[in-house]
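Shown next, in C-alpha cells, is the structure this report addresses.
The values are calculated or read from the model by the stated rules, or taken from the named source; none is laboratory data. Because the structure is a prediction, the values reported are computed rather than measured. When we count neighbours, we look across all protein chains shown, and the Cβ atoms used for this are built from the backbone with ideal geometry, even at glycine. Side chains included, ligands, DNA and RNA excluded: accessible areas come from the protein's heavy atoms. Shrake-Rupley method; radii C 1.70, N 1.55, O 1.52, S 1.80 Å.
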Amino acid sequence: MSNQRQQKPTLTGQRFKTRKRDEKERFDPSQFQESIVQGLNQSGTDLEAVAKFLDASGAKLDYRRYAETLFDILVAGGMLEPGGTMSGDAICTEFCLFKAQEDIETMKAYAQVFNKLIRRYKYLEKGFEEEIKKLLLFLKGFTESERNKLAMLTGILLANGNLSAAILSSLFNENLVKEGVSASFAVKLFKSWLSEKDISSVSASLRKVGMDSRLMELFPANKRSCEHFSKYFSDAGLKELSDFARNQQSIGARKELQKELEEQMSRGDPLKDIIAYVGEEIKKNNISEQTMIALIWASVMSSVEWNKKEELVTEQAIKLLKQYSPLLKAFTTQGLSELTLLLRIQEYCYDNIHFMKAFQKIVVLLYKANVLSEEAILKWYNETHVAKGKSVFLEQMKKFVEWLKNAEEESESEEEEAD
C-alpha cells in the first residue's frame, strides 16, 4: 500500500463560493422599523412592557446596525429626515416620547426605558449620545411640547449619568443660538437636571468635559455677558445656575489676573506699576482685598524657579519677599487681609516641603516690613491657624510670639506710667 495519499480529483473550471461573512448586507431599515413599531403598538402605554419588548428584541434584531432608527422611533415615533421632519414613507407609532404626556413623572419613566436598554446592550451607549446630539441640532423642526419633553428627558439622563454633558455642544449651533432656541431649551433641561441633583454635582459634570466655561455660548455674541446670563436664568427660576456662571467668570478673571501678574514680575516691571495695575483690577472686577492678597502671594511665589536645596530655599524666599514686600503691604490694609496672607503662607510652607523650616523667618520678615501686624500674628497663633503643619509652625513661632506679648505688655505699662 502506497504511503502517499491519493490525490483527490479536481473539477475542471473554477467556481467561487462567497462566504457568508463576506457578503455585504444591504442597509435597509424598513423591515427593522416595522418590527419595532409593531412591538411598540402592541405594548402601548405600558412602559414596563416596552422595556421587556426591547430587551427581548435585541436578540433577534440588529440593534448595532440600526441604532439610529431604533432611537428615532422611540423618541419621535418614526425615522427622522435631516432637520427633524418625519420621513414621508415611514411607518409610525403613537407610542413614543413625543406623543407621551408632558410631565416629569412620565419623562422619568421613559428615562428608565432608555436606561434599561443601554445597560442591557452596552454597545448602544455611543449611538445614543450621537442620537441626542443630533436631536438637539433638530430642535427647530420640533414643536414646543416636543422640545419640552426632550429637554426634561435629557436633564434626567444627565442626572442619572446615562449621558455625558458633552452633548450640550449641539446647543451652541449658530442658528439655534440666534433664534433663542438654545437658551429656552437649556432652561427646561437644567430645571430637570437640578430637580434630580444639586448644583455641585451639575457643575462637576460640566467641568469634567469643559462645558463649565462655555455656557455663555447659549446666547448670541452681543448678549454673551455674565449680567445677561444671570438675569435670564434668574428670571427663569434658576438662580443657582446664574450664581455658578458668575463664580466661573470670577474664577476665569482671577486666573487671567494671576497670569498677568506673574508675567509683570518675570519682566521686572516697576513695583509702582504693578501696584497701580492691581488697584485697577480690584475696582474693575469688584475683587475683595482678601482674594487679591491670596492672588498676589501665589503670583510672587510662582515668579521664580526655586532652589532644590532646603538650606538655600529660605535665603532665596527672604530675598524675593523683601523685594515684593511693598506690593504685599499695599494690599493688606485690613486685618482680615493680613490673616488671609498668614494662612496662605502656612498652607504654602506645608504643601512645599522645602519651605517647612522657612515659615517663621518669612513671618518675621513681613512683620519687620510692616506687612503683618502683631495683632494679626497673635490672632493667627491663638485662633485662626489651620491644621496643616500646625504643631511644627506653632513651635517655630513660640519664641517670637512670646517676644511680641512681652513687647506689648511693656508698651502698655509705659503708657500707664505716662498717664
Exercise. Can you find even one residue in region 228-242 that is over 24 Å from Glu174 (Cα atoms) and open to solvent by 70 Å² or more (accessible area, probe 1.4 Å)?
Worked result: yes
Seminar exercise, completed: Restricting region 214-233 to residues that are closer than 14 Å to Leu189 by Cα and of a type outside the set (Phe, Trp, Tyr), the one modelled with the highest pLDDT turns out to be Leu218
For this session: Can you run down the residue pairs with Cβ atoms below 8 Å, 6 or more apart or on separate chains, where the first is in region 249-270 and touching a residue at least 12 places away in the same chain (Cβ under 8 Å) and the partner is open to solvent by 50 Å² or more (accessible area, probe 1.4 Å) and outside any helix (DSSP H, G or I)?
Result: Gly252/Ser213
Seminar exercise, completed: By residue number, the members of region 181-193 that are open to solvent by less than 30 Å² (accessible area, probe 1.4 Å) and of a type outside the set (Phe, Trp, Tyr) are Val181, Ser182, Ala183, Ala186, Val187, Leu189, Ser192
Problem set entry | Filtered residue count, region 45-81, keeping only those that are crowded, with 19+ Cβ neighbours inside 10 Å and part of a loop (DSSP other than H, G, I, E, B) | 5
Exercise. Can you name the condition, by its number, that Ser225 falls short on among (1) in contact (Cβ under 8 Å) with a residue 12 or more places away in the chain; (2) under 30 Å from Gly155 (Cβ atoms); (3) touching a Phe, Trp or Tyr at 6+ places or on another chain (Cβ under 9 Å); (4) open to solvent by less than 50 Å² (accessible area, probe 1.4 Å)?
Worked result: (1)
For this session: Search region 163-172 for residues being surrounded by fewer than 19 Cβ atoms within 10 Å (Cβ to Cβ) and out of contact with any helix residue (DSSP H, G or I) (no Cβ under 6 Å at 6 or more places or on another chain), and hand back the single one that is nearest to Arg147 (Cα to Cα).
Result: Ser169
Exercise. Are any residues in region 312-352 surrounded by 15 or more Cβ atoms within 10 Å (Cβ to Cβ) and of a type in the set (D, E, K, R), and if so, which ones?
Worked result: Lys329, Glu338, Arg344, Glu347
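Looking only at region 195-213, which residues are under 10 Å from the mean Cα position of the chain (by Cα) and open to solvent by 80 Å² or more (accessible area, probe 1.4 Å)?
Of the residues in region 195-213, the ones under 10 Å from the mean Cα position of the chain (by Cα) are 200-213.
Those that are under 10 Å from the mean Cα position of the chain (by Cα) and open to solvent by 80 Å² or more (accessible area, probe 1.4 Å): Arg207, Lys208, Ser213.
Out of the residues in region 271-297 that are hydrophobic (A, V, I, L, M, F, W, C) and open to solvent by 30 Å² or more (accessible area, probe 1.4 Å), state the one that is nearest to the chain's Cα centre (by Cα).
We begin by selecting, within region 271-297, every residue hydrophobic (A, V, I, L, M, F, W, C); these are 271, 274-276, 278, 282, 287, 292-297.
Subset that is open to solvent by 30 Å² or more (accessible area, probe 1.4 Å): 271, 275-276, 282.
Details: Leu271: 36, Ile275: 33, Ala276: 34, Ile282: 26 Å.
Ranking the candidates gives Ile282 first.
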Problem set entry | Checking Val371 against (1) surrounded by 20 or more Cβ atoms within 10 Å (Cβ to Cβ); (2) in a helix (DSSP H, G or I), the condition it does not meet | (2)
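Only one of these is hydroxyl-bearing (Ser, Thr, Tyr) and either without any contact (Cβ under 8 Å) to a residue 24 or more places away in the chain or under 25 Å from Thr332 (Cβ atoms) (or both): Ser230, Ser195, Ser213, Ser205. Name it.
On the way: Ser195 fails: either without any contact (Cβ under 8 Å) to a residue 24 or more places away in the chain or under 25 Å from Thr332 (Cβ atoms) (or both); Ser213 fails: either without any contact (Cβ under 8 Å) to a residue 24 or more places away in the chain or under 25 Å from Thr332 (Cβ atoms) (or both); Ser205 fails: either without any contact (Cβ under 8 Å) to a residue 24 or more places away in the chain or under 25 Å from Thr332 (Cβ atoms) (or both).
The unique qualifying residue is Ser230.
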Seminar exercise, completed: Residues of region 16-32 being in a helix (DSSP H, G or I) and either modelled with pLDDT of 90 or more or basic (Lys, Arg) (or both), in sequence order, are Lys20, Arg21, Phe32
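Hey, could you check region 203-227 for residues that are in a helix (DSSP H, G or I) and among the polar types (S, T, N, Q) and say which is farthest from Ser169 (Cα to Cα)? Give the derivation first.
As a first pass, look at region 203-227 and keep what is in a helix (DSSP H, G or I): 203-208, 215-218, 221-223, 226-227.
Adding the requirement that they be among the polar types (S, T, N, Q) leaves 203, 205, 222.
Working: Ser203: 15, Ser205: 14, Asn222: 19 Å.
Taking the candidates together, the pick is Asn222.
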Problem set entry | Positions within region 91-115 being open to solvent by less than 40 Å² (accessible area, probe 1.4 Å), more than 18 Å from Lys52 (Cα to Cα) and either part of a loop (DSSP other than H, G, I, E, B) or charged (D, E, K, R) (or both), in sequence order | Ala100
For this session: Please verify whether region 110-121 includes one or more residues that are more than 15 Å from Leu168 (Cβ to Cβ), touching a residue at least 60 places away in the same chain (Cβ under 8 Å) and out of contact with any helix residue (DSSP H, G or I) (no Cβ under 6 Å at 6 or more places or on another chain).
Result: yes
